[in-house]
Amino acid sequence: MSASTAPAHHGMIITMLSTPATPTAPSERSRDSAPYRLAATIAVVLLSLIAVTACGLRIDSPPAAAPTPDAAEATRQSLVADALATVAMTDTLAADAQLPDAVTRIVTDIGSDARDHYTALGSVYDPGPDYIADPAPTTSFDAENVSTQSLATALATYANRVRSSLPTVADPLRARLYATIAVNQLDAATRLAKATKESLPDIDIVEARAQALSAALPQGLSDRQAADLIAAQDAIGYAREHIGLRAAKSKSEKILSLSRDYRSQATKWAQQYDLDGTSDDPREVFYVLVKDPTSSKQLTAAIASVQQDQTHRLSAAISVVDADQRIAAFDLMTSAYADALAQGAHRTGYPGMPEYPANA
């Protein structure tokens, strides 16, 4: 090797060793930087949220408030609360060893009906796990001082409240259910008060039942519906007339007076529906109600059966007449049912609604 070439070769080696590595492209260098990693993390989170939202799920969102009950639901919840309060009161009284057995049986029957009503009404409102519902309404009562008097008063008051609310219930069939529960409550209050020699409060529903024999039919019935009610009312008067004619003198006049009240009311109803004296007037000179028209026992049983039918007809009327006529039908229904029971008819948890099972 000559002296002139050696330095040149040595210089080439130096040049090769000192040449820096190929520079990293800007895009490749930024992927390893902290700002890029943060941006990438945010993008992943956003994409995840979009995917979750698309599936209809909410992240960290509290349950929505349940819809505010409308008037119909508020009425239903009120009846549910009344049923629960009745159950609580009857349970307390049924455990009282001081009550006579006959009264305890009445209290137990009332509690059984209330439990069944609670179920029929749809129980306490539950909007589901996705909603926050306000606490269910409750009916207050003095739990420390429950008595037969307070229970009877409560039942009559509950029934009176239902009576007042009937025109506001949007669903006619639900109005009928509420009405039949109220008739049961009024009967229960009356039976309990009678058994304990106590009195019911002076409220509209009690007064209306007492005045039912002077009340008009609800407006809006078909001619056929009105005719059936008129004929039955007249037939009841006819049966009472025959019982009164054979009764002892001490009872005869009272029974005959009641007979005239029934037949007079049937006449007023026929006039109200323009049936009086027409070929469509359903009233008869006499009615074949029993095999032996001289048997007061058979006639009494016939009255009970016809009044049960009247209770059913008036219950059905509640679901077909205009809302403002429901109270008129209800008042006649309470009277018919009370008379049916007085003549020996079978008591039921749903008067006028035979499609529901009887509890008593």
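Scan segment 168-189 and tell me whether some residue there is modelled with pLDDT of 95 or more, open to solvent by 10 Å² or more (accessible area, probe 1.4 Å), under 28 Å from Ala156 (Cβ atoms) and over 21 Å from the mean Cα position of the chain (by Cα). No, that holds for no residue.
Looking across segment 278-293 at every residue that is open to solvent by 100 Å² or more (accessible area, probe 1.4 Å) and either in contact with a Ser or Thr (Cβ under 7 Å, 6 or more places away or on another chain) or not hydrophobic (A, V, I, L, M, F, W, C) (or both), the one that is farthest from Ala235 (Cα to Cα) is identified as Ser279.
Candidates are the residues of segment 278-302 that are of a type in the set (Gly, Ala, Ser) and assigned to a helix (DSSP H, G or I); the one that is farthest from Thr180 (Cα to Cα) is Ser296.
Just for segment 317-360: of the residues that are of a type in the set (S, T, N, Q) and open to solvent by 10 Å² or more (accessible area, probe 1.4 Å), which one is nearest to Arg115 (Cα to Cα)?
Selected residue: Asn359.
Restricted to segment 279-315, and to residues there that are farther than 25 Å from Gly352 by Cβ and of a type in the set (Val, Ile, Thr), the residue that is nearest to the chain's Cα centre (by Cα) is Val288. Among the conditions (1) assigned to a loop (DSSP other than H, G, I, E, B); (2) open to solvent by 20 Å² or more (accessible area, probe 1.4 Å); (3) closer than 30 Å to Leu173 by Cα, His312 misses just one, which is (1).
Return the residue satisfying two criteria in turn: it lies in segment 192-212 and is open to solvent by less than 50 Å² (accessible area, probe 1.4 Å) and touching a residue at least 60 places away in the same chain (Cβ under 8 Å), and of such residues it is nearest to Gln310 (Cα to Cα).
Of the residues in segment 192-212, the ones open to solvent by less than 50 Å² (accessible area, probe 1.4 Å) are 192-193, 195-196, 200-201, 203, 205-206, 208, 212.
Still in the running and touching a residue at least 60 places away in the same chain (Cβ under 8 Å): 192, 195-196, 205, 208, 212.
Numbers: Leu192: 24, Ala195: 26, Thr196: 29, Ile205: 19, Ala208: 17, Ala212: 13 Å.
If we take residues in segment 192-212 being open to solvent by less than 50 Å² (accessible area, probe 1.4 Å) and touching a residue at least 60 places away in the same chain (Cβ under 8 Å), then Ala212 is nearest to Gln310 (Cα to Cα).
Evaluation of Ser305 against the conditions (1) in contact with a Ser or Thr (Cβ under 7 Å, 6 or more places away or on another chain); (2) open to solvent by 60 Å² or more (accessible area, probe 1.4 Å); (3) part of a helix (DSSP H, G or I) shows that the sole unmet condition is (1).
The single condition among (1) over 17 Å from Thr300 (Cβ atoms); (2) open to solvent by less than 30 Å² (accessible area, probe 1.4 Å); (3) not in a loop (DSSP other than H, G, I, E, B) that Leu275 does not meet is (3).
Restricting attention to segment 202-225 and to residues that are among the hydrophobic types (A, V, I, L, M, F, W, C) and closer than 17 Å to Ala323 by Cα, the residue that is farthest from the chain's Cα centre (by Cα) turns out to be Ala216.
If you go through segment 211-226 and keep only what is modelled with pLDDT of 95 or more, more than 11 Å from Trp269 (Cβ to Cβ) and not polar (S, T, N, Q), you end up with Ala212, Leu213, Gly220, Arg224.
Considering only segment 216-224, I want to know if a residue exists there that is under 27 Å from Val80 (Cα atoms) and either open to solvent by less than 10 Å² (accessible area, probe 1.4 Å) or in contact with an Asp or Glu (Cβ under 7 Å, 6 or more places away or on another chain) (or both). No, there is no match, as no residue in segment 216-224 is under 27 Å from Val80 (Cα atoms) and either open to solvent by less than 10 Å² (accessible area, probe 1.4 Å) or in contact with an Asp or Glu (Cβ under 7 Å, 6 or more places away or on another chain) (or both). The number of residues in segment 317-334 being over 17 Å from the mean Cα position of the chain (by Cα) and of a type outside the set (S, T, N, Q) comes to 10. The residues of segment 81-116 that are surrounded by fewer than 20 Cβ atoms within 10 Å (Cβ to Cβ) and β-branched (Val, Ile, Thr), listed by number, are Val87, Thr92, Val103, Thr104, Thr108.
Would a scan of segment 313-320 turn up a residue that is within 20 Å of Ala345 (Cα to Cα), of a type outside the set (A, V, I, L, M, F, W, C) and either touching a residue at least 40 places away in the same chain (Cβ under 8 Å) or in contact with a strand residue (DSSP E or B) (Cβ under 9 Å, 6 or more places away or on another chain) (or both)?
Here is the first cut: in segment 313-320, the ones within 20 Å of Ala345 (Cα to Cα) are 313-316.
Then drop every residue that is not of a type outside the set (A, V, I, L, M, F, W, C), which leaves 313, 315.
From what is left, the residues that are either touching a residue at least 40 places away in the same chain (Cβ under 8 Å) or in contact with a strand residue (DSSP E or B) (Cβ under 9 Å, 6 or more places away or on another chain) (or both) are 313, 315.
Yes - at least one qualifying residue is present in segment 313-320.
Out of curiosity, is Ser296 within 17 Å of Ile236 (Cβ to Cβ) and hydroxyl-bearing (Ser, Thr, Tyr)? Answer is yes for this residue.
The values are calculated or read from the model by the stated rules, or taken from the named source; none is laboratory data. These figures come from a predicted structure and were not determined experimentally. Note: ideal-geometry Cβ built from the backbone for every residue, glycine included; neighbour counts use all protein chains shown. Heads up: the accessible areas ignore ligands, DNA and RNA and are worked out on the full protein's heavy atoms, side chains in. Shrake-Rupley method; radii C 1.70, N 1.55, O 1.52, S 1.80 Å.
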